[in-house]
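I have placed the structure first, in the form of structure tokens, so that the comments after it can refer back to it.
The values are calculated or read from the model by the stated rules, or taken from the named source; none is laboratory data. Just so you know, these numbers come straight off a predicted model, no measurement behind them. Cβ: placed from backbone, ideal geometry, glycine included. Neighbour counts: every protein chain shown.
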């Protein structure tokens, strides 16, 4: 039976053990049974503000956070640009897509996002980057109840990814 991307994210977020939400500074892989769809939940944590404010890069192939950077004005400007370009929710996303990296960018202060009937207070953005340039990047934003919303971003984010200097 095929589950939707949204239901798999919700199931993972509600059932994952606390060890899955490790500090980004720890080199901890996700549990074996976790698939790429649930990876954004790996970033969600309730730790010290200094850790929660880090921009983090999750390498999907390695199954862990591989790079953390201090959040700064440039990241905030980029996040605001992405939010300003959102015009609609992404159509149904299929779980067979393979992201190369998922980058978590905290947004401070939280920014309002109104798209159709969806009204969100954006506190963090998860950017799904695909090395395959035929696939558009996706933005994943959770509401205050941890309900996921996907949005397409119609721009090349390769320069942003390169600027992160992600270690090999």
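For residue 158, work out the one condition from (1) out of contact with any helix residue (DSSP H, G or I) (no Cβ under 8 Å at 6 or more places or on another chain); (2) buried (at least 16 other Cβ atoms within 10 Å of the Cβ) it doesn't fulfil.
With respect to (1) out of contact with any helix residue (DSSP H, G or I) (no Cβ under 8 Å at 6 or more places or on another chain); (2) buried (at least 16 other Cβ atoms within 10 Å of the Cβ), residue 158 is out only on (2).
Out of (1) crowded, with 18+ Cβ neighbours inside 10 Å; (2) over 13 Å from the mean Cα position of the chain (by Cα), what's the single condition that is false for residue 163?
Failed condition: (1).
Exactly one condition in (1) farther than 11 Å from residue 106 by Cβ; (2) at pLDDT below 85 is false for residue 51; which is it?
That leaves (1) as the condition not met.
Filtering region 111-123 down to residues that are surrounded by 13 or more Cβ atoms within 10 Å (Cβ to Cβ) and closer than 14 Å to residue 84 by Cα, which residue is farthest from the chain's Cα centre (by Cα)?
Out of the qualifying residues, it is 115.
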